[in-house]
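Asker: I'd like to ask you about the structure that follows.
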Amino acid sequence: MLKSDLSSLQYPPAEIHAKREEVRRALLQSSPHLNGGRITRILESDLKLLFDLYDQLFFYDYFRDQFPGQLLFSLSARMTKTAGQTIYPRNLKELFPHKERYELRISVILLFSYEKLDRDKAVNGIKTRDSLEALQLVFEHELCHLIELHCFKETSCRQKRFQALAVNLFGHTESGHRLPLMAEIATAKYGLSVGDRVSFQAEGETFSGVISRITRRATIMVPDKNGPYRDQEGRRYCKFYVPLHLLQKS
């Protein structure tokens, strides 16, 4: 298979579904960390295994046999809104093929939060049944970025070329996900939202402030005349990062 053939691959919907299911079965059979559709533990080696299966079943082992550069796989506990990311050198167009380097990064926060809300969770326009299928669809999106970068040295999921690639390869009808975000989970589980006034205890004291952001923890801005943060009216604050379950709504 030639490099130029990667971007023109196309599969009918039934074959896409069959290949995706085969990837799932093979991954569960081969990974010592995944034992079902609900992901509670995952390592970078599982992403490498997942990549190898997609390469075999969708790309005719192109990356195993012909890709001259370097591929890395990582998991992030800090990506709380973005489900996946493809990282690459900004001078990619200037590099020789053997210097190409790509890193496919996946958010473990969104995977582990999958079960926290009981609602439909679509990824790239496709309704998912569990966090493993969500992982596959997020990974497929990043594979499209990888192919665009490798073939054309640029990528954008807002452009027609990427969208055609995603449809032809994986049947994606959208770019993006509806996986549970921490702010939505905070509202559903704790009744907390950005802008709410809350109180909490720290170092034996009780503090009161306003939620300015929700990720794995809530960011609380507490009024303090000597605080390092200042708003447009000149009022000063201290910033605290507090686990959601320790907050009391005022």
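Asker: Report the full-extension gain for the segment Tyr11 to Gln159: residue separation times 0.36 nm, less the Cα-Cα distance, to one decimal in nm. Could you put the intermediate results ahead of the total?
Answerer: Working: separation 148, 0.36 × 148 = 53.28 nm, distance 2.04 nm.
Full extension of this stretch gives 51.2 nm more.
Asker: When DSSP beta bridges are limited to those with both residues in segment 3-180, what percentage is antiparallel, rounded to the nearest 5?
Answerer: On the way: 7 of 14 bridges.
Of those bridges, close to 50 percent are antiparallel.
Asker: Now a separate question. Determine the gain in length on full extension of the stretch Phe240-Tyr60; use 0.36 nm per residue of separation and subtract their C-alpha separation, reporting nm with one decimal.
Answerer: Values: separation 180, 0.36 × 180 = 64.80 nm, distance 5.09 nm.
Between Phe240 and Tyr60, full extension yields an extra 59.7 nm.
Asker: Separate question: Over 20 Å between Cα atoms, which of Lys19/Lys99; Lys3/Lys99; Lys121/Lys189 qualify? Provide the component values of the computation, followed by the final result.
Answerer: Numbers: Lys19/Lys99 31 Å; Lys3/Lys99 16 Å; Lys121/Lys189 17 Å.
The answer is Lys19/Lys99.
Asker: Stick to Cα atoms and the Kirkwood definition of Rh, then tell me Rg/Rh for segment 184-249. Each step should come with its number before you reach the end.
Answerer: Values: Rg = 11.7 Å, Rh = 12.1 Å.
That ratio equals 0.97.
Asker: Subtracting the Cα-Cα distance from 0.36 nm times the residue separation, let me have the gained length for Glu205 to Glu21 in nm, one decimal. Each step should come with its number before you reach the end.
Answerer: Values: separation 184, 0.36 × 184 = 66.24 nm, distance 5.38 nm.
Here the segment from Glu205 to Glu21 would lengthen by 60.9 nm.
Asker: Taking the simple approach of a point 7 Å from Cα along Cα-to-Cβ for both Arg41 and Ala188, what is their distance in nm?
Answerer: Between Arg41 and Ala188, the label points sit 2.6 nm apart.
Asker: Step through the residues of segment 218-232 one at a time and calculate ³J(HN,Hα) from phi using the Karplus curve (6.51 cos²θ - 1.76 cosθ + 1.60, θ = phi - 60°), rounding each to whole Hz and writing x for Gly and Pro.
Answerer: With the stated coefficients, segment 218-232 comes to 8, 8, 10, 9, 9, x, 7, 4, 10, x, x, 9, 9, 8, 5 Hz.
Asker: So what's the gap between the Cα centers of segment 167-196 and segment 73-113, to the nearest angstrom?
Answerer: 20 Å
Asker: Which residue fluctuates most in the GNM of the chain (Cα springs below 10 Å): Glu205, Glu103, Glu21?
Answerer: Glu205
Asker: Related question: Using 20 Å as the cut-off for backbone N distance, which residues of segment 106-148 belong to the label zone defined by a point 7 Å from the Cα of Ile87 along Cα→Cβ?
Answerer: So the set is 106-112, 138-148.
We did not get these values from a lab; they are worked out from the coordinates using the rules stated. The structure displayed is predicted, hence computed values, not measured ones. Quick reminder, even Gly has a Cβ in these numbers, built from the backbone with ideal geometry, and neighbours come from all protein chains shown.
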